[in-house]
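Heads up: the structure comes next, in structure tokens.
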Amino acid sequence: MSDPLYRSPEPREKPADQGFLRALLRRHLFRIISGGLAFALIAAIWLVWRFG
């Protein structure tokens, strides 16, 4: 029984490269840490200006 409209299932995608995932995670953590440091610096400057 050969159906002319039948398409074989797509091959499964290979799992993502571990190096790529690590780089993505590292970049995400770097953005969080740098954002936290920037916020802390701004807060420290504001506190010194307000109470100093």
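The values are calculated or read from the model by the stated rules, or taken from the named source; none is laboratory data. Computed from a prediction, not measured in an experiment: that's the story for all the values here. Cβ coordinates were reconstructed from backbone atoms using ideal geometry, including for glycine residues, and neighbour counts include every protein chain displayed. Only protein heavy atoms, including side chains, enter the accessible area calculation; ligands, DNA and RNA are left aside. Shrake-Rupley method; radii C 1.70, N 1.55, O 1.52, S 1.80 Å.
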Checklist line | Area of Asp3 that stays accessible when all protein chains are in place (1.4 Å probe, Å², to 10) | finding: 90 Å²
Notebook entry, point to check: How about the chain: which trypsin sites (Lys or Arg not before Pro) there lie in a loop by DSSP and see at most 12 other Cβ atoms within 10 Å?
Noted result: Arg7, Arg12
Margin query: Given axes a ≥ b ≥ c from the Cα gyration tensor, I'd like to know whether the chain is rounded (a/c under 1.5), prolate (a/b larger than b/c) or oblate.
Written below: prolate
Notebook entry, point to check: In the chain, what chymotrypsin sites (Phe, Trp or Tyr not before Pro) fall in a loop by DSSP, with at most 10 other Cβ atoms inside 10 Å?
Noted result: Tyr6
Next item on the list: With θ set to phi - 60°, apply the Karplus curve 6.51 cos²θ - 1.76 cosθ + 1.60 along segment 31-48 and write out the HN-Hα couplings as whole Hz, x wherever there is a Gly or Pro.
Entry: 5, 5, 5, 5, x, x, 5, 5, 4, 5, 5, 4, 5, 5, 4, 5, 5, 5
Check: For the chain, with only Lys/Arg (+1) and Asp/Glu (-1) charged at the beta-carbon, what is the dipole magnitude about the Cα centre, in debye rounded to 20?
Finding: 320 debye
Note to self: Which one, Ala43, Leu29, Pro11, projects farthest toward the positive side of the charge dipole computed for the chain from Cβ point charges (K/R +1, D/E -1)?
What the structure shows: Ala43
